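Chemist: Got a structure here, written out as structure tokens. Questions coming.
Laboratory data are not the source of any read-out in this text; all were calculated from the coordinates shown. In this text, all values refer to a predicted model and were calculated from it rather than measured experimentally. Ideal geometry is used to build each Cβ from the backbone, glycine not excepted, and the neighbour counts take in all protein chains shown.
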Amino acid sequence: MTISAALSRAAEKLKNASSSSWLDSEALLCYLLACERSWLLAHTETKLSFGQLWQYNRLIKKRSKEIPLAYIIGNKEFYGRKFRVNHHTLIPRPDTELMVDIAIEIIHTNNSIKTIVDIGTGSGCLAITLALAEPKIKVIATDISPAAIKLAQKNSIQYKLNGRIKFFQGNLLTPITKKLPSALSNNLVIANLPYLRKNEID
């Protein structure tokens, strides 16, 4: 079966599960083949092997069960960078990028801010993006989930920030008040805590 035929069949299977069935079909095949979308579109008559078709069908089946695309491929773009995500973290949303812009504006208009505290860091996308944008500012991130903290640390290492961000596992500000109370002065606290129902996450 050619790439073109496989995409058409996949999009048909996903039409009831996704409002962007064709784009999802392309994204999953790009993920499987480890290729860019431009390559995929330029090689629509290339034939897929039996093994590739079998793996592709498994991915499509997952998406047809309304498992978010980002959880299937394991990453999501945020502020122009890719971040690892899994079911222990929320999927970064485009509207959350506005928080980065607002935080940077506040920092630039308030010279007293020395530390950014990211509450409920999840994948670490906010903390990492701000650490990269403001290298002179200290960044602290907390999350109640040990698995989320572990993933956020992996994302920080990916962007060579190991050591730049202090990660603490615990509820909201509790780990900071216990372990680093001095960080609660001259700081900017940001939080993008879960506010969506499971069926609204895509």
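Chemist: If you build the convex hull over the alpha carbons only and average its shadow over all orientations, what do you get for the chain? Give it in nm² to one decimal. All intermediate terms of the calculation are to be shown ahead of the outcome.
Modeler: On the way: hull surface 49.4 nm².
Mean orientational projected area (the chain, Cα hull): 12.4 nm².
Chemist: Can you work out the Karplus-derived ³J(HN,Hα) for every residue in the range 106-123? Use 6.51 cos²θ - 1.76 cosθ + 1.60 with θ = phi - 60°, whole Hz, and x for glycine or proline.
Modeler: Karplus-based 3J(HN,Hα) across the range 106-123 equals 5, 4, 6, 9, 9, 5, 7, 6, 10, 9, 9, 10, 9, 8, x, 5, x, 6 Hz.
Chemist: Treat every Asp and Glu Cβ in the range 14-70 as -1 and every Lys and Arg Cβ as +1, leave all other atoms uncharged, and give the resulting dipole magnitude about the Cα centre to the nearest 20 debye. Mind showing how you got there, number by number?
Modeler: Numbers: 8 positive and 5 negative charges, 56 e Å.
Approximately 260 debye in magnitude.
Chemist: Place a +1 charge on the Cβ of each Lys and Arg in the range 74-182 and a -1 charge on the Cβ of each Asp and Glu, then give the dipole magnitude about the Cα centre in debye, rounded to the nearest 20.
Modeler: Dipole about the Cα centre, nearest 20: 560 debye.
Chemist: Next up: Which entries of 13/76; 76/154; 15/62 show an alpha-carbon separation above 25 angstrom in the structure shown?
Modeler: Values: 13/76 23 Å; 76/154 14 Å; 15/62 13 Å.
From the list (13/76; 76/154; 15/62), the Cα-Cα distance tops 25 Å for no pair.
Chemist: Given Cα pairs under 8 Å that are at least 6 residues apart, what percent is the relative contact order of the range 1-116?
Modeler: Details: 102 pairs, mean separation 24.8, N = 116.
RCO, the range 1-116: 21 percent.
Chemist: Moving to a separate point now. Report the far tail of the P(r) of the range 3-73, meaning the percent of Cα-Cα pairs longer than 19 Å. Intermediate results must be reported in sequence, preceding the final value.
Modeler: Values: 565 of 2485 pairs.
Roughly 23 percent, rounded to a whole number.
Chemist: Please compute the contact order of the chain in relative form: average sequence separation of alpha-carbon pairs under 8 Å and at least six residues apart, divided by the residue count, as a percent. Show your work: numbers first, answer last.
Modeler: Values: 293 pairs, mean separation 34.2, N = 202.
Reported relative contact order: 17 percent.
Chemist: Let me ask another. Using R₀ = 41 Å, calculate the FRET efficiency as 1/(1 + (r/R₀)^6) where r is the Cβ-Cβ separation of residue 58 and residue 189; round to 0.05. Walk me through the numbers on the way to the answer.
Modeler: Numbers: r = 42 Å, r/R0 = 1.03.
About 0.45, to the nearest 0.05.
Chemist: Per the Cauchy relation, a quarter of the hull surface: what is the mean projected area of the convex hull of the alpha carbons in the range 88-194, in nm²?
Modeler: Working: hull surface 24.2 nm².
Across all orientations, the range 88-194 yields a mean hull projection of 6.0 nm².
Chemist: Scan the range 1-95 for GluC sites (Glu not before Pro) in coil per DSSP, keeping those whose Cβ has at most 10 other Cβ atoms within 10 Å, and list them by number. Kindly include the intermediate steps, with their values, before the conclusion.
Modeler: Numbers: sites: 12, 26, 36, 45, 66, 77; in loops: 36, 45, 66.
Here the GluC sites (Glu not before Pro) that fit, given the DSSP loop and packing criteria, are 36, 45.
Chemist: Okay, moving on. Where nothing but the Cβ of Lys and Arg (+1) and of Asp and Glu (-1) is charged, how large is the charge dipole of the chain around its Cα centre, in debye to the nearest 20? Display every interim value, and only then the final one.
Modeler: On the way: 27 positive and 16 negative charges, 157 e Å.
With Lys and Arg at +1 and Asp and Glu at -1, about 760 debye.
Chemist: Find which of 51, 40, 187 sits farthest along the positive direction of the dipole of the chain, computed with +1 on the beta-carbon of Lys and Arg, -1 on that of Asp and Glu, about the Cα centre.
Modeler: Farthest towards the positive end: 51.
Chemist: Evaluate the relative contact order of the range 88-194 (contact order divided by residue number), counting alpha-carbon pairs under 8 angstrom at least 6 apart; express in whole percent. Walk me through the numbers before you get to the answer.
Modeler: Details: 175 pairs, mean separation 34.8, N = 107.
That works out to 33 percent.
Chemist: When the Cα centres of the range 47-89 and the range 138-167 are compared, how far apart do they sit, in Å?
Modeler: Between the Cα centre of the range 47-89 and that of the range 138-167, the gap is 23 Å.
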